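Any read-out appearing in this document is the output of simple, stated calculations on the displayed coordinates, not a laboratory observation. What you are looking at is a predicted structure, and each value in this text was computed from that prediction instead of being measured. Don't worry about glycine lacking a Cβ; one is built from the backbone with ideal geometry, like all the others, and counts go over all protein chains shown.
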Amino acid sequence: MPRRSCDYQHHIKSRVSELAGRPCPHILGIDEHFFSRRQGYATTLVDLRNHKVFDVVLGRSQPSLHHYLSRLRGRDQVKFVVMDLSDTYRSIAQCYFPNARIVSDRFHVVRLVNQHFLQLWQQQDPQGRKNRGLLSLMRRHHWNLADAQKNRLLDYLAQHPVLNALYQAKQRLNRLLLLRDLNGKQARQGGSELLTLLEQFKHSPAHALAKTLQSWLEPIVRMWRFSRSNGITEGFHTKMEMISRRAYGFRNFENYRLRVLALCGWNGVINRV
């Protein structure tokens, strides 16, 4: 190995060692990403306040992360944990970050609603579900469609009353979920409207969606008042994928972790080499 490469590796390892005892960030984003076929998935922890990767840990289950998370310094000081609708990560946050409030990521909540609706559409009209033009219109928010597109969609839905009712309810739900930066009074009003919608869903073909959203009600309501999302984490995942591609993949997870922390974790690490 060339001397410059050895110096680089030595510098990165010493830098990681120096910062190994740093406390957890107060606002933490947590999500999974694929590492390799042999070793499976890894968990990314992101400092959402400073837009930096805090750490990358191999595994995504509670047993595989226990050794790392149980030794984290300052984990009782974490105030918020932002995540998708993962029951596994919710259990992890409740166990290892006892004083943190869980906040749902808006993108994943809306995506879940849309996925459930497409499944219901498949049940109601399998042939219409195969129409790519209609599929494009169904996936988009109604308020973003042109008048001609709205008319075409409404003409189709008029032929399917149950599907039309589900579509209208989905649009109201998505409009509600996309609210942000609300004050306490507005959040309570939104919560009341959300509960009304979920009660309607319970007595419809969308009862499974209602059950899931009901179980995540508090984290969903919190996202209306919380300005940060896991979009920062998803952005880092894109960058981490590029890091892996440029290296033609990593066999050693620790080498991958060091590279990610060097490029996504702290300012000035590369410049000092």
Query - Cβ-defined net charge surrounding residue 95, 13 Å radius [Lys, Arg +1; Asp, Glu -1] - result: 0
**Report entry** Size of electric dipole in the range 134-273: Cβ of Lys, Arg +1 and of Asp, Glu -1, about Cα centre, debye, nearest 20
**Finding:** 400 debye
Query raised in the report: Over 29 Å between Cα atoms, which of 170/239; 79/211; 130/150 qualify?
Result: 170/239
Query raised in the report: Measuring from the lowest to the highest alpha carbon on each principal axis, how far does the chain reach, largest first, in angstroms?
Result: 72, 40, 32
Query raised in the report: Dividing the alpha-carbon radius of gyration of the range 150-246 by 2.2 N^0.38 Å (N being the number of residues), what value is obtained?
Result: 1.41
Query raised in the report: If we restrict to alpha carbons, what Rg and Dmax does the range 52-193 come to, in Å?
Result: 20.3, 59
Query raised in the report: What is the Å³ per residue value for the convex hull set by the Cα atoms of the range 21-129?
Result: 133 Å³
Query raised in the report: Ranked from highest to lowest mean number of other Cβ atoms within 10 Å per residue, what is the order of the peptides 127-137, 192-202?
Result: 192-202, 127-137
